[in-house]
Amino acid sequence: MPAIAPERVLKDLDELWKGLASPEAGVSTESGVLRACAMTFIVALEPEDDMQAVGQTIAELIHQHPSRAIVLKPGAEAMPLDASVSAQCWMPFGKRQQVCCEQIEITAPPADAVQASRLILGLLAPDLPVVLWCRGKAWLKSAGFGDLLPLMTKVIIDTGSGCGLSEIACLRSSARRVADLAWTRTTRTRQEIARFFDDPRNAGQVDSVNSIVVPSGQRYIGAWLLLALPGRKLAMDGPPSRIRLEGPGIGFDFAIAPNPESDYPLLNEELGITGPDPVFEAVLPVAETLA
Amino acid sequence: MANPFRDLLRFERRVPPCAIVIFGANGDLTKRKLLPALYRLAYDRRLPASWAILGNSRTEMTDDAFRERMRDSVKHFLEDTPFDEDLWKQFAANLFYHPGDISDPAMYAGLDRRLKELGQTHQTAGNALFYLSTQPSYYQPVITALGQSGLARGEGWRRVVIEKPFGHDLASARELNRCLRGVFDEHDVYRIDHYLGKETVQNILAFRFGNGIFEPVWNRRYINNVQITAAESIGVEGRGGYYQESGALRDMIQNHLMQVMATIAMEPPAVFESETVRDERAKLLRSVRLMTQEQAPMHAVAGQYGAARIGSDDVPGFREEPGVAKDSQTDTYAAVELYVDNWRWAGVPFYIRSGKRLPKRVTDIAIQFNSAPLRLFNSDDGDGSGRPNLLIVRIQPEEGISIRFLSKSPGSGMRLRPVSMDFNYGTSFGERSPSAYETLLVDVLVGDATLYSRQDMVEASWTVVQPIIDDWNARKFDFPNYESGTWGPAAADEMLARNGHAWRVP
């Protein structure tokens with residue numbers, strides 16, 4: 001498979017920016033165009049992914065997290081590696097300058113990710129965080145892709161769809177940080193529980209809780225509650241969408257927040273955290289024992 | 001006991017149920033800043049489910065009339081957020097109004113009744129914030145009345161926010177503080193200085209103490225001088241009568257710019273918590289060398305703008321502005337030279353200036369470093385002086401940080417030219433930062449005073465400027481002494497020239 005050199009793509013990016021700045025492109029305003037980049041955001045797509053929906057998510061995310069986005073699309077076997085550049089631009093409300101982020105689309109067969117990985121290596125925005133969002137297992141299994149992982153500031157997967165705990169275990173040995181959107185989905189529920197116990201009248205009863213009941217499959221919530229309330233009994237056979245904390249003479253019920261309609265709020269939360277996540281790191285080994 | 005369920009990284013700080021009572025609700029600050037900020041917090045879903053705003057002023061109006069006025073204001077003054085009619089309807093359902101004179105005890109009795117009603121209908125849990133959006137002369141009467149009526153104590157927390165100016169000199173600042181302390185505990189008093197709520201000012205601490213490379217050079221060995229500029233291109237814009245009572249020294253330097261100076265010069269706190277940060281700011285302000293009234297003429301310059309033609313417009317001088325006395329001695333420009341007597345800063349001048357009708361609107365801090373000890377190269381502009389390195393923190397209009405350094409000009413030979421390395425907020429942080437008022441309102445509602453001034457900080461900064469005030473009150477200036485559209489009076493340039501320094505042109 002003929003390789004594409006990173007220099008060619010970087011040259012294409014230069015041409016792209018020159019073009020954006022020219023009045024003929026219809027993008028630049030009197031105030032010019034602002035090239036925004038705070039990280040490299042790599043999105044590794046699955047064959048069955050809805051490109052438009054994922055593109056929409058990326059377009060929304062870069063407003064808060066301006067990035068050089070590298071979208072890795074799985075191509076057919078034996079198809080040549082292909083790369084193209086584009087820009088996403090928007091005018092923030094009330095401002096007069098277009099803000100633009102660059103996007104590089106790379107199409108390659110997942111079975112042979114070596115060339116794609118080498119290309120990506122040369123396209124990382126220097127000295128800035130690199131976040132990889134793996135939407136499934138297709139790329140993680142492929143030879144050569146693993147070379148990228150140690151360079152990632154963070155790898156985001158979703159054990160709620162596509163990946164399993166084994167992928168997390170594997171990633172933790174090679175990537176600096178791993179995030180799981182299944183954990184991110186628990187934030188709203190956990191926040192409500194925490195806020196409930198911010199009230200001193202409720203906080204005073206925490207010690208009396210001796211049993212935790214969560215629905216089957218809610219291992220992250222179960223693990224988190226076990227860490228917050230060590231020594232309690234955990235049952236993972238509760239009614240769907242409900243959490244119950246019980247003790248002598250007390251009982252607290254919480255609803256599990258419904259999942260958001262898109263991945264945007266989850267990714268938005270994860271992209272805002274590029275450093276250590278001590279709560280997740282403590283919960284993960286406990287959750288692994290509950291699976 | 002710490003909440004075992006907290007996840008500080010992911011959970012938003014929660015604003016508790018509360019009522020916000022705004023005195024002066026029909027005034028400019030409420031319309032331009034407070035309500036738009038609160039609306040924006042509602043837009044971002046930062047307000048709790050149980051909240052209410054109760055506006056007060058002398059003007060008789062119903063709740064609905066108040067809501068209509070606030071709708072117009074929010075729509076007009078909302079800067080970077082679309083106005084959502086549906087959101088407004090939900091938001092406005094929490095707005096109420098209670099007319100009355102702040103000098104009338106019956107008004108406070110009525111306020112108490114309405115707060116109790118709101119506690120029932122809106123579950124505000126007895127928490128109340130009293131926001132004094134009035135003229136400063138009303139602060140003490142309102143605070144005293146809050147105490148006498150029992151409103152300063154309730155089922156939940158009771159806090160008070162007052163805007164600057166905190167007094168008009170040291171004595172009145174102390175008097176105001178005594179009045180406050182007679183009614184509220186210090187930790188329930190929030191003195192707002194909205195500059196401290198600006199993202200770029202907060203970022204100074206992140207920049208200094210979050211990175212390893214700057215603190216080692218952040219001292220007298222490497223820094224030659226610091227210049228803090230807050231310039232406006234507009235005049236008093238019809239508020240001459242109000243501005244006459246304050247002037248640039250009181251309006252900007254005594255509060256905002258001295259707080260900025262404290263942020264630039266303070267020592268790192270041991271932990272980043274409200275009281276430790278404020279302790280360091282206060283310590284820095286107490287370390288500023290006090291001048292005597294006799295020394296003030298050498299270290300402070302007053303100015304007042306005169307008429308000029310700017311572009312195609314003839315702009316009036318300050319004394320020709322409506323509401324301004326023909327012989328006004330008010331400073332529309334002030335520049336001061338301060339020194340911090342501590343090991344870190346001994347001998348480094350801090351030049352602070354602020355003025356109206358200057359060439360452009362800009363607020364920034366320029367830290368000028370010492371020149372290289374040996375000039376090996378010729379500078380490109382041939383003046384032979386060599387340009388010192390500058391670190392510039394831009395607060396407005398384009399927030400960011402720049403470093404100016406010398407680079408070789410392309411071509412043969414070794415000629416150097418200054419270049420700039422820039423960080424812009426927009427480039428790295430996407431769409432929007434919260435406004436200072438959004439940040440500060442959330443902070444006071446969650447009880448975080450880190451970005452608010454404390455009594456000792458206020459009194460320390462008044463102590464520094466009091467000799468200047470005393471000197472200026474005793475003198476009669478030959479005003480105006482700078483033309484509108486210029487960078488201020490020549491005396492300000494002379495003040496720096498005595499040290500071999502010059503104001504940079506921002």
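The values are calculated or read from the model by the stated rules, or taken from the named source; none is laboratory data. These numbers come from a predicted model, not from an experiment. Cβ placement follows ideal geometry from the backbone for every residue including glycine, while neighbour counts extend to all protein chains displayed.
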### Query
Here are some conditions: (1) part of a helix (DSSP H, G or I); (2) within 15 Å of the chain's Cα centre (by Cα). A:Ser166 meets all but one. Which one does it not meet?
(2)
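Just to be sure before I move on: is B:Arg454 surrounded by 15 or more Cβ atoms within 10 Å (Cβ to Cβ) and farther than 30 Å from B:Tyr43 by Cβ in the structure I sent? I'd like the intermediate steps shown before the answer.
Details: surrounded by 15 or more Cβ atoms within 10 Å (Cβ to Cβ): yes; farther than 30 Å from B:Tyr43 by Cβ: yes.
Considered against the rule, which asks whether it is surrounded by 15 or more Cβ atoms within 10 Å (Cβ to Cβ) and farther than 30 Å from B:Tyr43 by Cβ, B:Arg454 comes out as yes.
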### Task
Go through the stretch A:242-261 and give me each residue that's exposed (fewer than 14 other Cβ atoms within 10 Å of the Cβ) and in contact with a helix residue (DSSP H, G or I) (Cβ under 6 Å, 6 or more places away or on another chain).
A:Ile250
### Summary
Selection over the stretch B:461-506 where residues are in contact with a His (Cβ under 8 Å, 6 or more places away or on another chain) and among the acidic types (Asp, Glu) yields a count of 0
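Can you tell which of A:Ala108, A:Ala87, A:Ala36, A:Ala69 is aliphatic (A, V, I, L, M), surrounded by 16 or more Cβ atoms within 10 Å (Cβ to Cβ) and out of contact with any strand residue (DSSP E or B) (no Cβ under 6 Å at 6 or more places or on another chain)? Spell out the reasoning first.
Details: A:Ala87 fails: out of contact with any strand residue (DSSP E or B) (no Cβ under 6 Å at 6 or more places or on another chain); A:Ala36 fails: out of contact with any strand residue (DSSP E or B) (no Cβ under 6 Å at 6 or more places or on another chain); A:Ala69 fails: out of contact with any strand residue (DSSP E or B) (no Cβ under 6 Å at 6 or more places or on another chain).
Unique residue meeting the criteria: A:Ala108.
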### Query
Under 6 Å by Cβ, and 6 or more places apart or on different chains, what pairs join a residue from the stretch B:424-452 that is part of a helix (DSSP H, G or I) with one that is of a type in the set (Lys, Arg) and at pLDDT below 90?
B:Ala436/B:Lys198; B:Val446/B:Arg13
### Task
At least 2 residues that are surrounded by fewer than 16 Cβ atoms within 10 Å (Cβ to Cβ) in each: list the helices (runs of 4 or more DSSP H) lying fully within the stretch B:201-300 that qualify.
B:240-244, B:274-286
### Identity of the residue in the stretch B:19-55, within 14 Å of chain A (Cβ to nearest Cβ) and more than 30 Å from A:Glu270 (Cβ to Cβ), that ends up nearest to the chain's Cα centre (by Cα)
B:Pro36
## Note on the structure
Of the listed residues (B:Ser50, B:Ser103), the one being without any contact (Cβ under 8 Å) to a residue 60 or more places away in the chain and of a type in the set (Gly, Ala, Ser) is B:Ser103
### Query
Applying the selection to the stretch A:169-195, what residues are surrounded by 16 or more Cβ atoms within 10 Å (Cβ to Cβ), hydrophobic (A, V, I, L, M, F, W, C), in a helix (DSSP H, G or I) and in contact (Cβ under 8 Å) with a residue 12 or more places away in the chain?
A:Cys170, A:Leu171, A:Leu181, A:Ala182, A:Trp183, A:Ile193
### Query
Does any residue in the stretch B:468-479 that is under 11 Å from B:Pro297 (Cβ atoms) come within less than 6 Å, Cβ to Cβ, of a residue that is in a helix (DSSP H, G or I) six or more places away or on a different chain, and which pairs are these?
B:Ile468/B:Ala296; B:Asp471/B:Ala296
### Query
Of (1) in a helix (DSSP H, G or I); (2) within 19 Å of B:Ala145 (Cβ to Cβ); (3) β-branched (Val, Ile, Thr), B:Thr121 satisfies all except one. Which?
(2)
### Message
If the requirement is being more than 14 Å from chain B (Cβ to nearest Cβ) and in a strand (DSSP E or B), which of these qualifies: A:Trp139, A:Trp133?
### Response
A:Trp133
### Task
Can you confirm whether the stretch B:166-177 contains a residue that is under 24 Å from B:Leu440 (Cα atoms), outside any loop (DSSP other than H, G, I, E, B), free of Cβ contacts under 8 Å to residues at least 12 places away in the same chain and among the hydroxyl-bearing types (Ser, Thr, Tyr)?
no
### Task
May I ask you to list the residues in the stretch A:266-289 that are surrounded by fewer than 16 Cβ atoms within 10 Å (Cβ to Cβ) and either away from every other protein chain (no Cβ under 11 Å) or within 21 Å of A:Ile193 (Cα to Cα) (or both)?
A:Pro278, A:Glu281, A:Ala282, A:Pro285, A:Glu288, A:Thr289
### Task
Output the qualifying pairs, or none if there are none: Cβ atoms under 6 angstrom, residues six or more apart or on different chains, first residue in the stretch B:229-251 and on the phi < 0 side of the Ramachandran plot, second residue surrounded by fewer than 22 Cβ atoms within 10 Å (Cβ to Cβ) and assigned to a strand (DSSP E or B).
B:Ala231/B:Val362
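Tell me, which strands (runs of 3 or more DSSP E) wholly within the stretch A:41-122 include 2 or more residues that are at pLDDT below 95 and more than 23 Å from A:Met152 (Cα to Cα)? Working first, answer last.
On the way: elements: A:67-74, A:82-90, A:98-108.
Fully inside the stretch A:41-122 and qualifying: A:82-90, A:98-108.
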### Message
Please go through the stretch A:61-117 and give me each residue that is within 14 Å of chain B (Cβ to nearest Cβ), among the basic types (Lys, Arg) and under 20 Å from A:Leu267 (Cβ atoms), ordered by number.
### Response
A:Arg68
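Among the residues in the stretch B:262-272, are any under 22 Å from B:Gln329 (Cα atoms) and within 21 Å of the chain's Cα centre (by Cα)?
Looking for residues that are under 22 Å from B:Gln329 (Cα atoms) and within 21 Å of the chain's Cα centre (by Cα), one finds none in the stretch B:262-272, hence no.
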### Query
Only one of (1) farther than 28 Å from A:Val54 by Cβ; (2) hydrophobic (A, V, I, L, M, F, W, C); (3) out of contact with any Gly (no Cβ under 6 Å at 6 or more places or on another chain); (4) touching a residue at least 24 places away in the same chain (Cβ under 8 Å) fails for A:Leu229. Which number is that?
(4)
